[in-house]
Every structure is written in structure tokens, then in C-alpha cells.
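The values are calculated or read from the model by the stated rules, or taken from the named source; none is laboratory data. Everything numeric here is computed off the predicted structure, so don't read it as measured data. A quick note on method: Cβ atoms are made from the backbone with ideal geometry, for glycine too, and the neighbour counts reach across all protein chains shown. When the accessible area is computed, the model is the full protein with side chains, heavy atoms only, and any ligands, DNA or RNA have been set aside. Shrake-Rupley method; radii C 1.70, N 1.55, O 1.52, S 1.80 Å.
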Amino acid sequence: MATIKDVAKHAGVSTTTVSHVINKTRFVAEDTKAAVWAAIKQLNYSPSAVARSLKVNNTKTIGLLAASSGSPYFAEVIQAVEAACYKKGYTLILCNAQNNLEKQEAYLAMLAQKRVDGMLVMCSEYPTPLLNMLQNYHNIPMMVMDWGKHSDFTDNIEDNGFHGGYLATRYLIDRGHREIATITGQLNEHTGRERHKGFLHALKEAKITIPDEWVIEADFHPHEGYEGMMKLLAASKRPTALFCGGDVIAMGALCAAGEMGIRVPEDISVIGYDNIRNTRFFNPPLTTIQQPKETLAEMALDMLLDKIINKRETYNSIELHPELVERNSVTDGPFLKK
Ligand SMILES: Nc1nc2[nH]cnc2c(=O)[nH]1
């Protein structure tokens, strides 16, 4: 494989000049530049990122410590992070730790050893041992993407899940529903918990009480939505509307309704959350709350780069604003005032 010395010899310049041409770190005359690029092309030379990193003390890599890329929601956020990194000239190292503490510890050590310039964290659950571990790496610029509360050692993003849960429920109420059930995401995750709190707040504000059997604590999985809907359909009284804490939950709930011959929205209205990519193709197309995933990814990276490049030392928190996306899975309820 050709080395920088071969390129310099071929172009008739010093290795320092070759380095300046590649890294654009000093003025070099146009004809010298052209000779260097011609030599690089002819010798098929690839500059060593390792050598460059040693020189400039950065690696142009970002680590993403994530829970998993298996669910559509996480897959879409991760894809958006990768696209944002690519646009800014950074390589993303994805570490799916599956909420396993040992794996999280190993990945954090590996990312530190690889000298990533910064770290994004999207672990969905933050038990104290993980927080302690993250704090141990506070010398690496870090941004927690799904924690929601202001922290004194990382930047973070408030996704306003409470407002989103409220928005979804308020919409059902405004459409004339009073008998509203919910199938939640994990309540030990920030997203699941806040959305559920928003749901409860909207009911309380409208002075609506619902039976305990209409609150189904579940998980962000279609089969949990499926089981949840089966329980609701077997309840002593059937609700007229359902708020699902995530679109994947709604996917399972719609499937269960279909299998039981229950029509959505005629027999029961369903609203989801996240606006994952294919909700338009659910049957019926799902009304949901848009979680701005691209914005989340871009904001997270911009804030992290601000820390890395501008050496910002203060901690920052930014907000996302969920919005209603109306499709066909909600119809007017019995209490609609016309
Ligand atoms: N685990 C998980 N967390 C989420 N938070 C928001 N949506 C999701 C999801 O689909 N899965």
C-alpha cells in the first residue's frame, strides 16, 4: 500500500506539503496541489485516519450508546443520527447495549479507548448504576437524548412527552369521547412515563374518571398492544377510544381488534404516538402524535458538536414539540357537541 512518502516522492514535494494539501491546513500553490492530488490518485493512496488523529487530537467519530435498534422508533432515530453525522463529516459507532449494565460498561470503555470525540446516549432507562457509569466518563462531551430532565453533567433534550400524551387525550375528548382507555409503554422509561402522565392529566382536567381495567401498563411491543386490546375487549364495559403510548402498541391493538371483528374507528377509536414511518399504511391509517425524530437527532448532534468544537462548558437543555397527525383511526364519540 502506498505511503505518504511515496506520494511526496512521486509529486516531487515534501511529506509535510502532502499533509497540508490533504488536511487543507496551510496555503499551497495550485500547481503543487494538483501534482499532489495526481500522485494520490495514481498511487491509489488513502490517508491514514489514525495518523491524522494522532496529529490533530480528534478522531471525527461519535459513539452512540443505545438500548437497541430493533424497534422502528429507535431505528428511525438512529438512522437520522447516522445521516446527521455523515453530513457533518463524522463516523458513527453504534453500540446497542440492550439495557445490559455489563454491556453498557464494556461499550463505554471501548468508546473511550477509541477516543471518540463525543458520545450520544439513548438508553431509554437510567438506573443509578448506569448514571454513575456515565458520570465517570464526564470528561468526554456527552448528550443524553431521552432522559428529559436537566442534568448537571450532560446536555439533554426534553421531548415534552407529557404534552404529547395530553395532546392525544385532549384530541379524543374534543372529538366527543369520555370512555377512554390506555395501553402504555414501559413506565420506567421516560417516554412511556411522561406520555402516560399527560394522558392522566387530560382526563383529570376534563373531570373524567375511568375504571382501573382501562389502564393497561404494557411495553413498547406489538404483542403487548395485541394482548392489551384483547383485555379491553373482554372488560366489563368497552371504551369508545384508546390511547396507545407508542405506534407499535397501536399496531398490535389494531390487529387484535381486526381479529375480533371490532371495527376501528367505528367501534373504537385508536390514537398512537411516535408517527413511525409506516403508520400511514396501518389499517386504518393511524392518527398519532409526531415525535420529531429527525429534529431530535440533528439537535442532539449539533449540541454535542458545539461542546466538542467550541468547548462549551455549560450544560444545555433543548425542547422538542410533539404535534398531532390526523389520519383515519379516530372518529367522533358519543359526547360530541355539534
Ligand atoms: N422502547 C421503546 N421506547 C420508545 N419510546 C418511544 N417509542 C418507543 C418505542 O417504540 N420503543
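What the table shows:
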{"read-out": "At 0.692 mPa s and 37 °C, Stokes diffusion of the stretch 161-291 via Kirkwood alpha-carbon radius, µm² per second", "value": "235"}
{"read-out": "Estimated dipole of the chain in Debye, rounded to 20 [Cβ of Lys and Arg +1, of Asp and Glu -1, Cα centre]", "value": "1160"}
{"read-out": "Reciprocal of mean inverse Cα separation for the chain (Kirkwood radius, Å)", "value": "22.5"}
{"read-out": "Relative contact order of the chain, defined on C-alpha pairs under 8 angstrom at six or more residues apart (%)", "value": "17"}
{"read-out": "Entries in LYS33/LYS114; LYS9/LYS114; LYS9/LYS87; LYS9/LYS311; LYS197/LYS307; LYS197/LYS231 that, when Cα-Cα distance is taken, lie over 29 Å", "value": "LYS33/LYS114; LYS9/LYS114; LYS9/LYS87; LYS9/LYS311; LYS197/LYS307"}
{"read-out": "Heavy-atom SASA rank of SER71, SER14 (probe 1.4 Å, accessible area, largest first)", "value": "SER14, SER71"}
{"read-out": "Set of lysines with alpha-carbon distance to LYS337 below 19 Å, sequence-local pairs under 8 removed", "value": "LYS207"}
{"read-out": "Computed FRET value (nearest 0.05) for HIS321 with ASN44, which takes r as the C-beta separation and R₀ as 41 Å", "value": "0.25"}
{"read-out": "Fraction in percent of alpha-carbon pairs per bin - 10 Å, the stretch 224-338", "value": "13, 36, 23, 14, 10, 4, 0"}
{"read-out": "Cα-based Rg / Dmax (Å) for the stretch 4-56", "value": "10.3, 29"}
